[in-house]
Each structure stands twice: as C-alpha cells, then as structure tokens.
Amino acid sequence: MNQITILIPAYNEEEVLYPLYERLCDVFDSLPLFEFEILFVNDGSRDNTMSIIKALRKSDPRISFVDLTRNFGKEIAMMAGFDYAKGDAVIIIDADLQDPPELIPEMIKYWQDGFEDVYAKRRTRAGETWFKKWTSSLFYSLLQKFSSIPIQPNTGDFRLLDRRCIEALKQMRETQRYTKGMFSWIGFNKKEILFDRDARLAGKTKWNYIKLIDLAIEGITSFTTKPLRISALFGFAISLFAFIYIVWIVFKTLIYGESVAGYPSLMTVVLFLGGIQLLSLGVIGEYLGRIFNETKKRPLYFVNEYNDFKKMAE
Ligand code: UDP
Ligand code: MG
C-alpha cells in the first residue's frame, strides 16, 4: 500500500489544529487505498501547539511530529519535514486551512498518473489585501525577469512531491533557502491544478512586509547572480559616459577657458556616482553575506523530540 505523508509546518497554530485534523480525517476516509502519515513540524511555537499535537498523537497513531528547538522559519521547518517524512509521496500543506485538504485526492490522482510534482495554483486569494496581491505579483514578475528558471506565480508551497523530488530536495542543504525556487530548479514531471485560496481560519499570519522584502531578496539572490552583472554593466555605461564628458570638458576649457562655475553639475555628478557606488556595494554585500552563511556549514536545525524520542543534531 502506498504511504503518503502530509507535512504540516506549524508555528503558533493552536486554534486551527483540531479543525485541520478533522478535515484531513474526512479526506483520508475517502481514500481507503492509501496509508497516511500526518507529520507536524512544530517550529518553536510559543502556544499550546505542541501539547495539542501530542494529545492528537495519543489517539491517532498516524500522527508523527518533529519538535524543533526554536523557531527556524517555515523554509527550514519544511526541510525538517522532508528529512523525517516516511511516505512515498509528501503533501505540504499550511496549518491554517488556507490550502483546502479536499484537493488532496486530485493531487494523488495525478501522482498515480505519473506526475512527480503536483502543485496547486491559486485562482483567487481571499482575505488578502490588494496591496499584498499587488506586491506579490510585482515580485514574481521581477524574479522571472532576473532568473533563468521559471518560477510559478501564485503558487505557494501547497503541493504533492514524489519521493524522488524529496530525495533531490534533501540534497540541497543550503541555509538560506528559497524553497519555491528549488521546486522548479529540481525539475521532474510537473502538473498544475487550480484552487481558490481561502482566508486563514483563525489566528494571525506570521508574515509582515519586512519578512516579504527579505524573502524577495532571498529569492533573487539565491537563484541568480544577474544583479551583479547589472551593476557591472551600469558601472561600464557610466564610465563610458564620464569619459566622453571628460574629453568634452578638456576641449571646452582649452578653447574657451574656464570661469569657475559648474557647482550644480559637480554636485549632481558626485551624488549620482556616490549613489551608484553604494548600491553596487550593497549588491556585492548581499552575495558576500550569502557566501559567509553557507561557508559556516551549520546544521539547518536542531530537534528537541521526534515522536517522543529526545534527539539532538540533524
Ligand atoms: N510557519 C512556520 N514557521 C514560521 C512561520 C510560519 O512553520 O516561522 C507555518 C505556519 O504555521 C503555517 C504556514 O507556515 O502553517 C504558513 O504561514 P502563514 O499562514 O503565517 O503564512 P501566509 O499563509 O500568510 O503566507
Ligand atoms: Mg496562511
């Protein structure tokens, strides 16, 4: 019998766990031909999330959990899930029921047809402000322009991954992770399905705009070095322009003489060049920072407990 792991990263989700469990059980009942594992990754929650998961586990042996030692962020929590998942396929789903579990049978159907990465694309997004939707579409189009791998817009982490994809992702152990890009990068046979995204059932989103900006920079810098190229080209263009200007000034001075003026043009040039230099340094700094973080080769996360067993490093 095929085993399927439902991977749920959870951070302060006490209000939604029971409804989530109920809805998952209903879906499981409609799929008697599969064995399910529900793998919660508790990402350092500060509320009762962990005790609720433990209580659920007492009554249902299908439930497993990995308890991380602190909040590592969703990307790392998913990685921990990949490491511990036992299934032949893994379905990643948010705890807050924004991703409807009722889509699972359709995903499994396509998996059986031979697709290895069945991802759910949002047709609509309820409960999100127009500003969030707008910034998110802007980000996707920017990322698409910069990087050479296609990244599916309006697609979250809600997807079914075959064991082969999981094994591929497990080999990508970089600390600063942009998992959405990795899903495309690894390739494999992909299938898109559409759904309407609901609003969060309860609790608050853990996102804010600072995190989103971080993720945007993360997304771009982890998949392409084009910003470095662009600042180099910019530097080249400006140098060329400056050279022409210098020649012009020298000739002008030789022919007409110079009556010290030109404060405005001097200021403009100095400020403009200063700005460009700082910007380019910033871009280089971003990449340097990534190199610094990756060279440390730290483990991605630490585990407190896995299914009631104390555990240390991974
Ligand atoms: N999450 C996590 N660690 C974090 C933040 C979020 O494991 O540091 C989980 C969270 O519990 C939820 C999922 O990631 O299951 C998506 O989070 P959220 O709903 O806050 O994001 P949004 O849907 O607003 O993008
Ligand atoms: Mg959510």
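The values are calculated or read from the model by the stated rules, or taken from the named source; none is laboratory data. Small disclaimer: the values here were computed from a predicted structure and weren't measured. Here the Cβ positions follow ideal geometry from the backbone for every residue, glycine too, while neighbour counts run over all protein chains shown. In case anyone asks, the SASA skips ligands and DNA or RNA and just uses the protein heavy atoms, side chains included. Shrake-Rupley method; radii C 1.70, N 1.55, O 1.52, S 1.80 Å.
Side notes on the structure shown:
- Rg(Cα)/(2.2 N^0.38 Å) for the stretch 167-314, N = residue count: 1.73
- Contact order for the stretch 128-216, expressed relative to its length and based on alpha carbon pairs under 8 Å spaced 6+ residues apart, stands at 29 percent.
- Probe 1.4 Å, all protein chains present, accessible-area order of Y263, Y287, largest first: Y263, Y287
- Residue order for D196, D96 - accessible surface, 1.4 angstrom probe, largest first: D196, D96
- Given K121/K296; K74/K145; K54/K296; K170/K191, the pairs whose alpha carbons are separated by over 32 Å: K121/K296; K54/K296
- Solvent-accessible surface (1.4 Å probe) assigned to I4 amounts to roughly 0 Å².
- Under 13 Å of direct C-alpha separation, and excluding same-chain neighbours fewer than eight residues apart, K180 reaches these aspartates and glutamates: E75, D117, D157, E218.
- Area of C25 that stays accessible when all protein chains are in place (1.4 Å probe, Å², to 10): 20
- Percent RCO, i.e. relative contact order, over the stretch 1-156, from Cα pairs under 8 Å lying at least 6 residues apart: 28
- Two-decimal log10 I(q)/I(0) for the stretch 1-157, as the Debye equation yields it once each C-alpha is a single scatterer, q = 0.09, 0.13, 0.15, 0.18 Å⁻¹: -0.32, -0.67, -0.89, -1.21
- Options S222, Y263, S239, ranked by Cα towards positive dipole end of the stretch 162-299, top entry (Cβ charges): S222
- Note that the chain presents 54 Å² accessible area per residue, ligands and nucleic acids not counted, probe 1.4 Å.
- Of all DSSP beta bridges in the chain, antiparallel share, percent nearest 5: 35
- With the convex hull of the Cα atoms taken as the outline of the stretch 1-79, the averaged projected area works out to 5.2 nm².
- Normalised by 2.2 N^0.38 Å, where N is the number of residues, the C-alpha radius of gyration of the chain stands at 1.29.
- Centre-to-centre, using Cα atoms only, the stretch 278-296 and the stretch 109-141 are separated by 30 Å.
- Its convex hull of Cα atoms gives the stretch 249-297 a direction-averaged projected area, equal to a quarter of the hull surface, of 4.8 nm².
- Near the amide H of D94, within less than 5 Å, lie the amide hydrogens of D99, all on another chain or at least 5 residues away, with H placed in the peptide plane.
- Shown in residue order for the stretch 248-255 are the 3J(HN,Hα) couplings computed by the Karplus curve 6.51 cos²θ - 1.76 cosθ + 1.60 at θ = phi - 60°: 4, 5, 4, 5, 4, 5, 4, 7 Hz (x for Gly and Pro).
- Across the chain, the mean sequence separation of Cα contacts (distance under 8 Å, 6 or more residues apart), normalised by length, yields a relative contact order of 21 percent.
- Between W130, G285, C165, the Cα set farthest toward the positive side of the dipole of the chain (charges on each charged residue's Cβ, about the Cα centre) is that of G285.
- Cα-Cα pairs of the stretch 77-235 separated by more than 29 Å (percent): 19
- Karplus-derived HN-Hα couplings along the stretch 210-222 (A = 6.51, B = -1.76, C = 1.60, θ = phi - 60°), whole Hz, x at Gly and Pro: 5, 4, 5, 5, 4, 5, 5, 5, 4, x, 6, 6, 8
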